[in-house]
Structures are given as structure tokens and as C-alpha cells.
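Please read the structure below before turning to the comments.
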Amino acid sequence: MYDNPAESQWDILAPYGFQDSLQIDWIEGEDPEEIAVRMGLDPASRAHCDLGDAVAIAHEFRLKDNIWIGRHSPGWICALGMFGTVPYVDLGQGGRRFTLSYHTEYGFGGFALWKGDELAGEFGSDAVVDGELPALFERHGSGLGVPFSESSRGFEIPGFPLGMESNDGSPGGRGLWPRNEVENLEVLLSVVGRIVGRFIDRAMLSETRTLYFNQEVI
């Protein structure tokens, strides 16, 4: 039996200003500083702060791609983009990274699993889920949504009503048609929380982590 978040994942993130833009990555690793180096972030320009202060700094300096990063759970680092993208990071052979992005101008941006530099599964704006993600949804989606009994037809989870056809019109695809952006984000944030062993919570958002703010000025 899987745990569920104590609070809505989106409800505790949104007040920090992420209603319009969100990118969050969960990166396999133990050392946030090593991950930051792999991202190409400069340790000379950084601050140690909670999320509230990180957001204030990002707004004050109007910088692009500020990254608030820290240890999230055993074996996992969390990197949250301050209203920009999280830089690419090559984790080497088999290292896993989940990335979730959203922007109000463009809608749901995508959810992906990377292993090293290889894309291992993707769920994008075209609403097709592929690679290893269907199996992960099946394994970690209990209570969030039950795998459909006919595996060839995909999975039915809240916010993703089951489609009878794939996006190319052929029957039996794994097409999942989004209904509501907030529901999409809530489900995916909860699924990843189960996988990495920790949901986003208020304690996390008040932890002192590292904000790298040396990126290109807008």
C-alpha cells in the first residue's frame, strides 16, 4: 500500500509563484554540489536559503534559470527552476532523472524519465505515454489511478481519462488525454514522490538548500 501526500502537491507549490511556470527535476545522486557542477553551475554565485528567499532573490535580480537544489531523499537530489528551465545533466550510464515542466502559455510541457543521456520514457503535450512510464504508472499509481485491465489500452488515472484510440487514430493505443492541468501536475508529482521516497512537503520548502543564480541576465 502506497502512501499519499499529506497535502496537495500543487497547492503547497503554487503560492510561491509557480502558477505560470514550473520545472522540477528529481536526479539520482547523493551530492547536490556534484550535480550542480555537472549542470555547469558556478559555485561562486550562490546563496543558501529556503524556497521563499530563493523566490525573492530570483525576482529581485530577474535572472534566467536560477536553480534551487538540494538533497531530497536517500539517493535523490531535487532541482527546482526559479521560473526557468533546469539545466541538462549527464548522470552517466543508467543514472535516472525525472523532469516535469509546465507553462501557462504553452500548457503541460511534459514529463520524462532519462537514464544517463538516453530518454527512457516520455509523456508529452500530445498525450502519448511511452517507454518505461506505463510500467511505472502501473506500479506506483495505486490509489491515484488503477491500471486498466487491458494493458494494451493504457492506464486510467485522474486527470488522464482513458482514450479509446491512440493519437494516430489506431485503436488500442496508450493515449491518455489530459483534462485539467492541475490534475495532471498533482498526479505526476505524487507518482514521482512515491518513486523517490518523499513527496514535496512544507518541511522541504523551508529547508536551507542552495540557490545558484549566476545564469544569463534577461
Problem set entry | Estimated distance in nm for a label pair at Q19 and T208, the labels positioned 7 Å out from Cα along Cα-to-Cβ | 3.2
Exercise. By average Cβ neighbour count within 10 Å, what is the ranking of 13-20, 83-90 from highest down?
Worked result: 83-90, 13-20
Exercise. What share of Cα pairs, in percent, lie more than 15 angstrom apart in region 2-80?
Worked result: 63
Problem set entry | Those residues of region 38-55 whose amide nitrogen sits under 15 Å from the label point placed on D117, 7 Å along Cα→Cβ | 38-40
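Rule-based calculations on the coordinates, nothing more; no lab input. In this text, all values refer to a predicted model and were calculated from it rather than measured experimentally. Glycine gets a Cβ as well: all are built from the backbone with ideal geometry, and neighbour counts include every protein chain shown.
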